[in-house]
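Asker: Take a look at the following structure, please.
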Amino acid sequence: MDELGKEIDKLSNQLTDLRIELWREHTLFTWQWWMLVVICFVFLILLFVFVKKEKALSTVAFIGIVYIINKNLDDVATALDWYDYRIQLEPIIPTMLPANLFIIPIGFGVLYARYEPWKSFLVSIIIFASLVSFIALPLMKFVEIYIEKNWNSILSFVSLLAITIISKLIIDFLKFKNV
């Protein structure tokens, strides 16, 4: 077991070195990299502009749940090689930080804060999940940020809806229980 562990450590270190090399030589300060930086700031601004103080706590909790579920799904999907990211904000984490920490949780969080009743919430998340899945992902493929392997826009759409609905159910349950 010790031998196998050492081999895994060696390969993991090599992979990290390759990621850093790819990032330093082909990613850092490219227009795609700057686009990801700008998107992060835009979503932060949206959060502060559109979420009212009285809904801030439940919205942040919702964003946290969306982040945890989405980040774990993204970790599994990249580990299983369903898709990959060639351009990253930083070289170490193999998942898409702007999407996992900003676009998806904050985008859905703003909708959660703005459209609390289920009917309007569902309509808004269907629209946003469609934009992410059927417009943003193909654009990310086109500009070579994202490589699709065993994944597609429909799976992305369904997973985004499931993540968001589960997150709202959890927050609604906690609010109902007054936890």
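The values are calculated or read from the model by the stated rules, or taken from the named source; none is laboratory data. All figures in this text were calculated on a predicted structure; none of them were measured in a lab. Glycine also receives a Cβ, built like all others from the backbone with ideal geometry; neighbour counts cover every protein chain displayed. Heads up: the accessible areas ignore ligands, DNA and RNA and are worked out on the full protein's heavy atoms, side chains in. Shrake-Rupley method; radii C 1.70, N 1.55, O 1.52, S 1.80 Å.
Asker: With a Förster radius of 35 Å, plug the Cβ-Cβ distance of Ile154 and Val37 into 1/(1 + (r/R0)^6) and report the FRET value to the nearest 0.05.
Answerer: Efficiency, rounded to the nearest 0.05: 0.75.
Asker: Tally up the carbon and sulfur contribution to the accessible surface of the stretch 42-89 as a whole percent, 1.4 Å probe, everything protein left in place.
Answerer: Answer for the stretch 42-89 is 71 percent, counting heavy atoms of protein chains only.
Asker: Also: So how much accessible area does Met35 have, in Å² to the nearest 10, using a 1.4 Å probe?
Answerer: That residue has around 70 Å² of solvent-accessible surface.
Asker: Just read off the accessible area of Phe102 with the full protein assembly in place, 1.4 Å probe, to the nearest 10 Å².
Answerer: 30 Å²
Asker: Can you work out ³J(HN,Hα) from phi for every residue in the stretch 57-72, in order, using Karplus 6.51 cos²θ - 1.76 cosθ + 1.60 and θ = phi - 60°, giving whole Hz and x for Gly and Pro?
Answerer: 5, 5, 5, 5, 4, 4, 4, x, 5, 4, 4, 4, 5, 5, 4, 5
Asker: For the stretch 87-95, take each phi angle, set θ = phi - 60°, evaluate the Karplus expression 6.51 cos²θ - 1.76 cosθ + 1.60, and give the result in whole Hz per residue in order, putting x for glycine and proline.
Answerer: 10, 10, 5, 9, x, 7, 7, x, 9
Asker: I would also like to ask the following. Report, by chain and number, residues whose modeled amide H sits under 5 Å from the one on Leu89, excluding near sequence neighbours (fewer than 5 apart, same chain).
Answerer: For Leu89, the qualifying residues are Leu97.
Asker: Grab the other residues whose beta carbon is less than 9 angstrom from that of Glu148, score K and R as +1, D and E as -1, and report the net.
Answerer: Taking every Cβ under 9 Å from that of Glu148, the sum is +1.
Asker: Taking the Cα of Glu54, stepping 7 Å toward and past its beta carbon, and measuring to each backbone N in the stretch 141-179: which are under 19 Å?
Answerer: 172, 175-176, 178
Asker: In debye to the nearest 20, how big a dipole does the stretch 118-179 give about its Cα centre with +1 on each Lys and Arg Cβ and -1 on each Asp and Glu Cβ?
Answerer: Using only the charged Cβ atoms, the result is roughly 260 debye.
Asker: Taking the Cα centre of the stretch 24-163 as the origin, how large is its charge dipole in debye, to the nearest 20, when only Lys and Arg (+1) and Asp and Glu (-1) carry charge on their Cβ atoms?
Answerer: Dipole of the stretch 24-163, to the nearest 20 debye: 480 debye.
Asker: Something else about it: Charges on Cβ only, +1 for Lys and Arg, -1 for Asp and Glu, centred on the Cα centroid of the chain; of Ala61, Leu36, Gly5, which one is farthest towards the dipole's positive end?
Answerer: It is Ala61, whose Cα lies furthest towards the positive end.
Asker: Just grab the label-to-label distance for Ile135 and Asp17, each label 7 Å out from Cα along the Cβ direction, in nm (one decimal).
Answerer: 4.4 nm
Asker: I would also like to ask the following. For the chain, with every protein chain kept in place, what is the accessible area per residue (1.4 Å probe, Å²)?
Answerer: Ligands and nucleic acids excluded, the result is 60 Å² per residue.
Asker: Return the calculated 222 nm mean residue ellipticity for the chain, to the nearest 500 deg cm²/dmol, obtained by summing -39500 (n - 2.57) across DSSP H runs with n ≥ 4 and dividing by the residue count.
Answerer: That comes out to -23500 deg cm²/dmol.
Asker: Tally Lys/Arg at +1 and Asp/Glu at -1 over every other residue whose Cβ is under 15 Å from the Cβ of Pro117; what's the total?
Answerer: +3
Asker: Kindly give Rg over Rh for the stretch 57-157, based on alpha-carbon atoms, with the Kirkwood expression for the hydrodynamic radius.
Answerer: Reported Rg/Rh (Cα atoms, Kirkwood Rh): 0.98.
Asker: Per residue Cα convex hull volume for the stretch 1-55, in cubic angstrom?
Answerer: Spread over its residues, the Cα hull of the stretch 1-55 gives 113 Å³ apiece.
Asker: A further question on this structure: Set the Förster distance to 45 Å, then compute FRET efficiency between Arg24 and Ile127 from the Cβ-Cβ distance, nearest 0.05.
Answerer: It comes out at approximately 0.75.
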